[in-house]
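The values are calculated or read from the model by the stated rules, or taken from the named source; none is laboratory data. None of the values given here were measured: they were computed from a predicted structure. FYI the Cβ positions are ideal-geometry reconstructions off the backbone, even for glycines, and counts take in every protein chain you see. When the accessible area is computed, the model is the full protein with side chains, heavy atoms only, and any ligands, DNA or RNA have been set aside. Shrake-Rupley method; radii C 1.70, N 1.55, O 1.52, S 1.80 Å.
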Amino acid sequence: MIGFTSAVGLAAGAAATGSALVGLYIGGHAYRGLRRNDDPSMRYLSIGMILLFGVTYITALVGQGLITFRVVPVRYQNVFRLLVRVLQLTGLVTIAYSLRVATRE
């Protein structure tokens, strides 16, 4: 029988995996829009969405897996957390910049 903490951890891992896949799907559609229109604002929007919705979740998932399976010591958990937050901020700033570029045109 799976314990409560194991079930919650498994559900969190499944949710993170699903979020990463959906995020990459959304970012892929933004990239396809860029290829159709070749608009600079779409370039920044697609990069920001891929960073925000895809790369951050994959980084968090991989980091959690490395820590859970003791490949990386627990003391590096905050390093992964910082990396995810920096990636999120970079994605948001890139999206905000895309909106700024779009309003200038």
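Scan region 78-95 and give yes if some residue there is open to solvent by less than 90 Å² (accessible area, probe 1.4 Å), at pLDDT 90 or above and among the hydroxyl-bearing types (Ser, Thr, Tyr), otherwise no. Yes, region 78-95 contains at least one residue that is open to solvent by less than 90 Å² (accessible area, probe 1.4 Å), at pLDDT 90 or above and among the hydroxyl-bearing types (Ser, Thr, Tyr). Taking the criterion of being touching a Lys or Arg at 6+ places or on another chain (Cβ under 6 Å) and open to solvent by 60 Å² or more (accessible area, probe 1.4 Å), no residue of region 34-57 qualifies. The residues of region 63-75 that are surrounded by 15 or more Cβ atoms within 10 Å (Cβ to Cβ) and part of a helix (DSSP H, G or I), listed by number, are Gly63, Gln64, Leu66, Ile67. Within this structure, Ala60 fails the test of being in contact (Cβ under 8 Å) with a residue 60 or more places away in the chain and part of a helix (DSSP H, G or I). A residue that is open to solvent by less than 70 Å² (accessible area, probe 1.4 Å), in contact (Cβ under 8 Å) with a residue 12 or more places away in the chain, closer than 30 Å to Thr103 by Cβ and β-branched (Val, Ile, Thr) occurs somewhere in region 11-33.
Considering only residues that are among the hydrophobic types (A, V, I, L, M, F, W, C) and in contact with a Leu (Cβ under 6 Å, 6 or more places away or on another chain), look in region 24-51 and name the one that is modelled with the highest pLDDT. Selected residue: Leu51. The C-beta contact set for region 35-53 (first residue farther than 11 Å from Ser98 by Cα, second residue open to solvent by 90 Å² or more (accessible area, probe 1.4 Å) and in a helix (DSSP H, G or I), distance under 9 angstrom, 6+ apart or interchain) comprises Ile50/Tyr31; Leu51/Leu92; Leu52/Leu92; Phe53/Tyr25.
Condition check ((1) over 10 Å from the mean Cα position of the chain (by Cα); (2) of a type outside the set (A, V, I, L, M, F, W, C); (3) in a helix (DSSP H, G or I)) across all residues:
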| site | (1), (2), (3) |
| --- | --- |
| Ala12 | yes, no, yes |
| Gly23 | no, yes, yes |
| Arg32 | yes, yes, yes |
| Ile47 | yes, no, yes |
| Ile50 | no, no, yes |
| Val55 | no, no, yes |
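A Cβ distance below 9 Å, combined with a sequence gap of six or more or placement on separate chains, defines the contacts here; from region 80-105, residues that are outside any helix (DSSP H, G or I) reach residues that are of a type in the set (Asp, Glu) and open to solvent by 30 Å² or more (accessible area, probe 1.4 Å) in the pairs Glu105/Asp39.
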